[in-house]
Amino acid sequence: MQVPQSRIDALAECTEDRQWIYVDVNRAARESPFGAPVAHGFLTLSLLPITAYELLSRLDPGRSVNYGMDKLRFLAPVRAGSRVRNHVKLLAAEPGKTGSGCCAWKTPSRSKVCKSPR
């Protein structure tokens, strides 16, 4: 999935988090260790359901509710204009009442562009 600057800007407006490292293309090119603006970690996180639905659409669950995550880390920044990808692995599935169920997924998403400055 592509992460264009326009998507980064839209999240900055929505969250009112307009730090220069996200929205100021010229300053980020000059001063950022990544040489370009980067996506807010919450933007990267918000792309997980989109990519998971694309991957799991053939299952046709009827409805889906995300009720949380067990572990979450932002290990590397996502530079504006880069692509992210998501691999979904089913860890567990339990049938529920009235045709519902509960599934646990592992989704180690990756960006091929930036490395952490650590």
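Laboratory data are not the source of any read-out in this text; all were calculated from the coordinates shown. Since we're looking at a predicted model, the values are computed, not measured.
A few notes on this one:
- For the pair Arg30 and Lys89 in one chain, pulling the backbone fully straight at 0.36 nm per residue adds 17.3 nm over the alpha carbon distance.
- Other-chain or far-sequence residues with amide H under 5 Å of Gly81's (modelled H): Val3, Gln5
- Between amide H atoms placed 1.01 Å from N, distances below 5 Å from Trp105 occur with Leu91, all of them 5 or more places distant or on a separate chain.
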